[in-house]
Structure formats: C-alpha cells, structure tokens
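Here the structure is laid out as structure tokens; the discussion comes afterwards.
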Ligand SMILES: Nc1ncnc2c1ncn2[C@@H]1O[C@H](COP(=O)(O)OP(=O)(O)OP(=O)(O)O)[C@@H](O)[C@H]1O
Ligand SMILES: [Mg+2]
C-alpha cells in the first residue's frame with residue numbers, strides 16, 4: 001500500500017484528453033480570473049494509475065527535456081493523435097500528492113495567460129511518480145541560450161523581460177507569487193524570445209493576507 005502521507009489516494013480513470021486543462025479558460029468577470037480550486041476539492045481531481053506499459057502504448061518517448069530537483073520532463077508524442085507534449089514526472093518520494101495537485105491546479109488556473117505555460121488535460125500517476133502534461137516549448141529554456149559572460153542581446157532580453165513582467169503581473173493580480181523565477185523556469189517557443197512562458201509553479205503560493213504586492 002502506497003503511503004500518501006495522510007492524503008487520500010484518488011483512483012479514477014486517467015485524464016487523457018490533450019486539450020488545455022479546463023481551468024485554463026477564465027470565466028469573464030471573475031475577480032480571481034480563474035476558479036481557484038480549494039485544496040480539499042483538488043484532492044478529488046481524478047488521477048488514474050498508468051503502468052509503464054500503458055504509457056508506452058499511449059505515448060512514443062522522444063527524448064528527455066529536462067531533469068529537475070523533483071523529477072524529470074519527457075518529450076513524448078501521443079500515438080494516435082500525433083501531438084507532441086511534455087510530460088512532467090514528479091517523484092513521489094520528493095513530493096506529496098497535495099503539492100503535486102496544487103502545482104497542476106494553479107498552473108491550470110493561469111492557463112489563460114499567453115505568458116504562462118499551459119497544462120493539458122493529462123493527469124496520472126505511475127508507481128513512482130505523479131505526472132501531468134504540458135504544452136511543449138520547442139526552443140528549450142532561457143538558461144540554455146544565455147552565453148556565459150556575454151548575456152543576451154539587449155533587444156532579446158527586453159522582449160523576454162516584458163513577457164515575464166506580464167506573467168508575474170497576471171499572477172500577482174490573482175494573489176499568487178511564483179517564488180522560483182530563474183532562467184531554467186522560463187520556456188521558449190523560439191530562439192529569439194518572441195514568445196516565452198513562465199513555468200514550474202511548484203513553489204508558487206497564495207500571497208499571505210494583508211501583505212502588499
Ligand atoms: N513544457 C516544456 N517544454 C520544454 N521543456 C520543458 C518543459 N517543461 C520543462 N522543460 C525542461 O525541463 C526542465 C525542468 O522542468 P521543471 O522546472 O518544470 O522541473 P522541476 O523538477 O520542477 O525543476 P526544479 O525544481 O529544478 O526547478 C526545465 O528547466 C526545462 O529545461
Ligand atoms: Mg524548474
């Protein structure tokens with residue numbers, strides 16, 4: 001029996017649609033933009049179990065995109081739809097289900113910003129990891145394109161910072177702080193930073209009440 005550190009394991013069918021997660025569509029006029037899912041309700045999000053064989057049957061593994069403190073991110077292609085997506089594997093021994101669902105849910109709620117990475121309606125667990133799908137950023141992350149001791153051309157840096165400012169403003173307007181802004185967490189859709197997206201909301205939190213922006 002898996003130890004969920006006091007959390008209720010949720011066992012339903014795996015969510016497998018490749019469309020952006022529902023939280024990505026912000027209802028008009030909502031003061032927090034997108035529905036904030038209370039922690040208790042988040043636990044009720046359906047997360048099904050997939051074996052390594054199930055994953056292989058559904059996705060073609062292309063390559064590993066990154067390895068972080070909490071797990072890895074793989075580029076895969078959905079076998080029947082042909083769509084490429086990034087699967088983020090968060091190791092169960094490093095992260096509780098509750099934290100994983102918070103990251104998924106917060107990212108999903110912010111999906112209506114073009115400057116925040118979109119999560120897909122793909123959510124499951126394996127024996128060792130919790131997994132969710134994200135849109136694939138084909139040009140990698142910002143860290144990889146900054147030449148050491150040289151830096152980015154001014155125009156590129158300005159374009160990038162402008163978009164990051166909008167992403168952070170969007171989050172702050174919804175009472176959220178990212179808390180882990182760094183080049184590795186800025187994903188690129190092209191090599192000139194014409195479209196960048198802030199990613200990795202694993203450290204994001206709601207701003208404490210009474211604190212200024
Ligand atoms: N959607 C994506 N498209 C392309 N590359 C990605 C994507 N998501 C993540 N990556 C790559 O994988 C790396 C690790 O991803 P991420 O930051 O989400 O994982 P993490 O385990 O939370 O990392 P850490 O805790 O070390 O910051 C990123 O720095 C990036 O290079
Ligand atoms: Mg990261």
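Observations on the model:
- Relative exposure of 95, 80, judged by other C-beta atoms within 10 Å (fewest first): 80, 95
- Counting beta carbons within 10 Å around each of 145, 161 and listing the fewest first gives the order 161, 145.
- Listed peptides 50-60, 168-178, 146-156 appear in the order 168-178, 50-60, 146-156 once ranked by packing, highest mean of other Cβ atoms within 10 Å at the front.
- Shape of the stretch 58-147, Cα gyration tensor, a/c cut at 1.5: rounded
- Most to least packed among 107-120, 190-203 [average Cβ atoms within 10 Å]: 107-120, 190-203
Just so you know, all these numbers are worked out from the coordinates, no wet-lab data involved. Everything numeric in this text was worked out from a predicted model, so none of it was measured. With ideal geometry, Cβ positions are generated from the backbone for all residues, glycine too; neighbour counts draw on all protein chains shown.
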